[in-house]
Amino acid sequence: VTLSGSPHDFDAFVRGYAAGDIDDGAMTQWLREVFAHGLADEETFSLTMALAHSGKVIEWPEIHEPVADKHSTGGVGDAVTLIAVPLAAACGVHVAKLSGRALGHTGGTIDKLECVPGLRTDLTIEEFKDQVRRVGCAVSAATADIAPAEKKLYALRHRTNTIASVPLIAASIMSKKIAAGATCIVLDVKFGEGAFMRTLDEAKSLAAAMESIGVRAGLSMKTLLTSMDEPLADSIGDGLELDEALTLMEDRGGSKPLREVAVAVAEAMVEAAGRPRAEVESALSSGRAREAFAAMIQAQGGRLAEFDRHWPAAHSMPAQRDGAVARIDARMLGEIVAAAKERSGGTAAQRLGVRIVRRVGDRVRRGEPLLLSWLPHDDAMHSALARTYTIADRAEPLPPRVMEGGARPGPER
Ligand code: URA
């Protein structure tokens, strides 16, 4: 398959694939070509727009102000959306976010939100729009008619091992953002051992590809590069992460790294929407973000008071020696929790997970707990969890957690 790079060509190609006129074999051949040789910027843009327009594109004419959205490329203990969305909304920004489920070793916002009894994440586009207008924010799952060709293509990429290509990932993510219609997009591109992009350079090239698409599409873009060398929240697991996000919004604790990234993402959203970022910190510490979260949950039918926040940990994992925590394998922890969820299934899976007690750099004494576990334990589980921690005489400091990837306002709208 050869494409000229013209938008028309890509449109016809994507339409043909969605309709079944172009079969998986031909598409796979093209995907492998792109996987090996990449795409030029105009081609990535044309592919993105064709995918975005393969279904409904949400528009926001009733809101005469910027509408913001954020996207994370996926992390472990990445509960940022649960905090940053209501936080930006508490600062007066309309936030319209379509989220996904867990993917591989990374968690999914929809799974975390569904721990609230009664909460709906299957809003229709009309309900989604109405809620953003009335309440200021909504987080829901993408409906089947948002970028349907992207869904079909993603499934094929999964089957053919062609996921890990910068232009394909950039087009996949940005097509869904463009279809959701927000005018301000904040990208939280993760790098490090627990991220899909292992190195900072890879994360930078993905960030640049996505920014370039957004700017061409006329969006106000901001990109953060954030490290995923240790889990972001102290908790990994849907219910535990939701509880921690609430604790943080209640100013009663929660992980510092999670707070730092959530504030940075909310500041970027507020700034991309043309408002002063200075309000963000006080909107969090004063409890206004917590109120915005409660309003969003209630609007989506959730009964937050019925979310049981206290269930006892089954086990605690002690340090085998004195020393400092040199490393926590975020990816492996993510995989362990994901596998346990899969084995459990159902709502019991919502209560599974781990909570980190000691982070990288912390000193520990032999026998003190490193993490608490809400997982079914046997010898294999004990040793798998024990392998996620490295205790050494001293720990090297981790690199800065948040780096600005650059801010590029789009044209005035
Ligand atoms: N997430 C996406 O949405 N798309 C990709 O291609 C990879 C991760």
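Quick one: would you say residue 282 is in contact with a helix residue (DSSP H, G or I) (Cβ under 9 Å, 6 or more places away or on another chain), without any contact (Cβ under 8 Å) to a residue 40 or more places away in the chain and of a type in the set (Gly, Ala, Ser)?
yes
Where residues in region 152-167 are part of a helix (DSSP H, G or I), closer than 20 Å to residue 206 by Cβ and without any contact (Cβ under 8 Å) to a residue 24 or more places away in the chain, which of them is nearest to the chain's Cα centre (by Cα)?
So the residue we want is 154.
Any residue at all in region 275-288 that is within 21 Å of residue 228 (Cα to Cα) and at pLDDT 95 or above?
no
Here is a yes/no grid of residues against (1) polar (S, T, N, Q); (2) out of contact with any Leu (no Cβ under 6 Å at 6 or more places or on another chain); (3) under 24 Å from residue 110 (Cβ atoms):
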position	(1), (2), (3)
291	no, yes, yes
300	yes, no, yes
303	no, yes, yes
350	yes, yes, yes
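Every residue in region 124-144 that is under 12 Å from residue 96 (Cα atoms) and outside any helix (DSSP H, G or I), please.
136, 137, 138, 139, 140, 141, 142
Evaluate the following for residue 26: is it more than 15 Å from the ligand (Cβ to nearest atom), within 23 Å of residue 161 (Cβ to Cβ) and either part of a loop (DSSP other than H, G, I, E, B) or modelled with pLDDT of 95 or more (or both)?
For residue 26, the condition - more than 15 Å from the ligand (Cβ to nearest atom), within 23 Å of residue 161 (Cβ to Cβ) and either part of a loop (DSSP other than H, G, I, E, B) or modelled with pLDDT of 95 or more (or both) - is met.
At least 2 residues that are more than 22 Å from the chain's Cα centre (by Cα) and small (Gly, Ala, Ser) in each: list the strands (runs of 3 or more DSSP E) lying fully within region 297-364 that qualify. Quick ask: steps written out before the conclusion?
Values: elements: 315-318, 323-328, 354-356.
In region 297-364, 323-328 are the strands (runs of 3 or more DSSP E) which contain 2 or more residues that are more than 22 Å from the chain's Cα centre (by Cα) and small (Gly, Ala, Ser).
Could you check, for region 183-206, whether at least one of its residues is of a type in the set (Ser, Thr, Tyr), closer than 30 Å to residue 61 by Cβ, in a loop (DSSP other than H, G, I, E, B) and more than 15 Å from the ligand (Cβ to nearest atom)?
Yes, because at least one residue in region 183-206 is of a type in the set (Ser, Thr, Tyr), closer than 30 Å to residue 61 by Cβ, in a loop (DSSP other than H, G, I, E, B) and more than 15 Å from the ligand (Cβ to nearest atom).
Regarding residue 147, is this residue within 12 Å of the ligand (Cβ to nearest atom) and without any contact (Cβ under 8 Å) to a residue 12 or more places away in the chain? It would help to see each step written out before you state the result.
Details: within 12 Å of the ligand (Cβ to nearest atom): yes; without any contact (Cβ under 8 Å) to a residue 12 or more places away in the chain: no.
No, not satisfied.
Working carefully through the options 39, 51, 47, 31, find the one that is buried (at least 17 other Cβ atoms within 10 Å of the Cβ) and under 30 Å from residue 86 (Cβ atoms).
Values: 39 fails: under 30 Å from residue 86 (Cβ atoms); 47 fails: under 30 Å from residue 86 (Cβ atoms); 31 fails: under 30 Å from residue 86 (Cβ atoms).
So the residue among 39, 51, 47, 31 that is buried (at least 17 other Cβ atoms within 10 Å of the Cβ) and under 30 Å from residue 86 (Cβ atoms) is 51.
Pairs please, first residue from region 68-85 and within 17 Å of residue 240 (Cα to Cα) and in contact (Cβ under 8 Å) with a residue 12 or more places away in the chain, second anywhere and within 16 Å of the ligand (Cβ to nearest atom) and part of a helix (DSSP H, G or I), Cβ atoms under 7 Å, 6+ apart in sequence or on different chains.
Correct list of pairs: 76/331; 76/334; 81/109; 82/109.
State the number of residues belonging to region 264-279 that are without any contact (Cβ under 8 Å) to a residue 40 or more places away in the chain and surrounded by fewer than 19 Cβ atoms within 10 Å (Cβ to Cβ).
Within region 264-279, residues that are without any contact (Cβ under 8 Å) to a residue 40 or more places away in the chain and surrounded by fewer than 19 Cβ atoms within 10 Å (Cβ to Cβ) number 3.
Can you tell me which of (1) away from the ligand (no atom under 11 Å from the Cβ); (2) crowded, with 18+ Cβ neighbours inside 10 Å is the one residue 156 doesn't meet?
(2)
Considering only region 187-209, state which residues are crowded, with 22+ Cβ neighbours inside 10 Å and over 24 Å from residue 331 (Cα atoms).
209
Would you check if there is a residue in region 102-110 being out of contact with any Gly (no Cβ under 7 Å at 6 or more places or on another chain), more than 30 Å from residue 202 (Cα to Cα) and surrounded by fewer than 24 Cβ atoms within 10 Å (Cβ to Cβ)?
no
Quick one: which of 220, 175 is closer than 25 Å to residue 92 by Cβ, surrounded by 24 or more Cβ atoms within 10 Å (Cβ to Cβ) and polar (S, T, N, Q)?
After ruling out the rest, the residue left standing is 220.
If the Cβ limit is 6 Å and pairs must be 6+ apart or interchain, which residue in region 308-324 that is more than 18 Å from residue 363 (Cβ to Cβ) pairs with which residue that is in a loop (DSSP other than H, G, I, E, B)?
313/374; 314/374; 315/377
State which residue is farthest from residue 304 (Cα to Cα) when the search covers only region 91-128 and only residues that are among the β-branched types (Val, Ile, Thr) and within 16 Å of the ligand (Cβ to nearest atom). I'd like the intermediate steps shown before the answer.
In the first step, residues of region 91-128 are kept if they are among the β-branched types (Val, Ile, Thr); the result is 93, 95, 106, 109-110, 116, 121, 124-125.
Keeping just the survivors that are within 16 Å of the ligand (Cβ to nearest atom) gives 106, 109-110.
Values: 106: 24, 109: 16, 110: 15 Å.
Only one residue tops the list, namely 106.
Suppose the filter is part of a helix (DSSP H, G or I), over 28 Å from residue 176 (Cα atoms) and touching a Pro at 6+ places or on another chain (Cβ under 9 Å); does residue 291 pass it?
yes
Filtering region 168-182 down to residues that are hydrophobic (A, V, I, L, M, F, W, C) and near the ligand (Cβ under 10 Å from one of its atoms), which residue is nearest to the chain's Cα centre (by Cα)?
173
Out of (1) away from the ligand (no atom under 16 Å from the Cβ); (2) of a type in the set (A, V, I, L, M, F, W, C); (3) more than 15 Å from residue 172 (Cβ to Cβ); (4) outside any strand (DSSP E or B), the odd one out for residue 10 is which?
(3)
The values are calculated or read from the model by the stated rules, or taken from the named source; none is laboratory data. As the structure is a computational prediction, the values presented were derived from the model and not from experiment. Reconstructed Cβ throughout: ideal geometry from the backbone, glycine too, with neighbour counts over all protein chains shown.
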